[in-house]
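Before any comments, here is the structure.
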Amino acid sequence: MENEIKILIVEDEPLAAAQLAALIASLKPGAKILEVCDTVKSAINWISKNDEPDLAFFDIQLGDGLSFEIFEQVDLNCPVIFVTAYDQYAIQAFKVNSVDYILKPIEKKELENALQKYERIAPSKPPNLSPGIIEEIVSSFSRRKFKERFLAKVGSHLRIIEIYDVLYFYSYQKGTYVKLADGKDYLLDYSLEMIEEMVNPSAFFRINRKYLISLQSIQDVIAYSNSRLKLKVQNPAEDDFLVAREKVKTFKKWIEGDS
């Protein structure tokens, strides 16, 4: 098919992968999604056994590590567009095959611009961006604004919640709640996935599917069974705060402020 682009998506959130695929289809009806990989391991396995795609979309923080590790284990020369909630990896992204770096939630116009940039450089893979372009892109990410407060409905009133009062966000019985330093809980109108994209990733970390915690809430980190970590936090819930095994490596880097 003329103008068909063969695309690989590496994304560990099924909804995010589906939304990205739908946006791509709306902008490039002739594009073909070859595969959706949800881990570093599965991406390495697919790339090693299949013909190289024309273009790849990579999330950065996957369940079993950072997608940069893929480049260390397989030879991948196609252009890559990074799609992530984290802006601190921009410089590292442009050291590999990146042609663009889009922050979640994805805006259709930004994706369209990224695809146009891919089409300009496609004849000369891998991409070669000048330091000036990289500096301009990274600078734009540094100006990104993160959410500073939330509104929670309490009866007929609205409670203003400042981000610096938040200990952690959590899912409970199909709802998303916030725990504050004073011990109170409030129901929010966002999913945990949405909140993860709104808050500053240097201050909050998704330790597992249930909890998104703030750095200030952590009082102790304890080695736990099966290579996991157990956290002691302020005003804890009834269950344990366990860092999922596949997130331990990334969590340690986050604690150290290593971007």
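The values are calculated or read from the model by the stated rules, or taken from the named source; none is laboratory data. Model, not experiment: these values are computed from the prediction. Cβ sites come from the backbone with ideal geometry, for glycine too, and all protein chains shown count toward neighbours. Ligands, DNA and RNA are excluded from the accessible area calculation, which covers all protein heavy atoms including side chains. Shrake-Rupley method; radii C 1.70, N 1.55, O 1.52, S 1.80 Å.
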Restricting to region 226-239, give me the number of residues that are open to solvent by less than 30 Å² (accessible area, probe 1.4 Å) and farther than 11 Å from residue 207 by Cα. 1
Looking at region 226-238, which of its residues are in contact (Cβ under 8 Å) with a residue 12 or more places away in the chain and out of contact with any Asp or Glu (no Cβ under 8 Å at 6 or more places or on another chain)? 226, 227, 228, 229, 233, 234, 235, 237
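Hey, among the residues in region 1-56 that are over 23 Å from residue 103 (Cβ atoms) and of a type in the set (Gly, Ala, Ser), which one's surrounded by the most Cβ atoms within 10 Å (Cβ to Cβ)?
In this case the residue turns out to be 42.
Assigned to a helix (DSSP H, G or I), touching a strand residue (DSSP E or B) at 6+ places or on another chain (Cβ under 8 Å), crowded, with 18+ Cβ neighbours inside 10 Å and modelled with pLDDT under 80 - does that describe any residue in region 76-95?
To start, the set of residues in region 76-95 that are assigned to a helix (DSSP H, G or I) comprises 90-93.
With touching a strand residue (DSSP E or B) at 6+ places or on another chain (Cβ under 8 Å) added as a condition, the list becomes 90, 93.
With crowded, with 18+ Cβ neighbours inside 10 Å added as a condition, the list becomes 90, 93.
Next cut, modelled with pLDDT under 80 only: 90, 93.
Yes, region 76-95 has at least one match.
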Only one of (1) under 20 Å from the mean Cα position of the chain (by Cα); (2) modelled with pLDDT of 90 or more fails for residue 160. Which number is that? (1)
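For region 240-256, how many residues are of a type in the set (Ser, Thr, Tyr) and either surrounded by fewer than 16 Cβ atoms within 10 Å (Cβ to Cβ) or in a strand (DSSP E or B) (or both)? Before the answer, list the steps.
Pass one, region 240-256, residues of a type in the set (Ser, Thr, Tyr): 250.
From what is left, the residues that are either surrounded by fewer than 16 Cβ atoms within 10 Å (Cβ to Cβ) or in a strand (DSSP E or B) (or both) are none.
Matching residues across region 240-256 total 0.
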List, please: which pairs have Cβ atoms under 6 Å, are six or more places apart or on different chains, and start with a residue in region 163-182 that is farther than 19 Å from residue 202 by Cβ and end with one that is open to solvent by 30 Å² or more (accessible area, probe 1.4 Å) and of a type in the set (Lys, Arg)? 170/210; 171/210
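Residue 59 - would you say it is under 14 Å from the mean Cα position of the chain (by Cα) and open to solvent by less than 60 Å² (accessible area, probe 1.4 Å)?
Numbers: under 14 Å from the mean Cα position of the chain (by Cα): yes; open to solvent by less than 60 Å² (accessible area, probe 1.4 Å): yes.
Yes; evaluated as a whole, the condition is true for this residue.
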With the first residue restricted to region 5-19 and required to be in contact (Cβ under 8 Å) with a residue 40 or more places away in the chain, and the second required to be in a helix (DSSP H, G or I), Cβ contacts under 6 Å at 6 or more apart or on different chains are 9/17; 10/43; 11/17
Residue within region 215-225 that is touching a residue at least 40 places away in the same chain (Cβ under 8 Å), open to solvent by 70 Å² or more (accessible area, probe 1.4 Å) and under 23 Å from residue 104 (Cβ atoms) present: yes
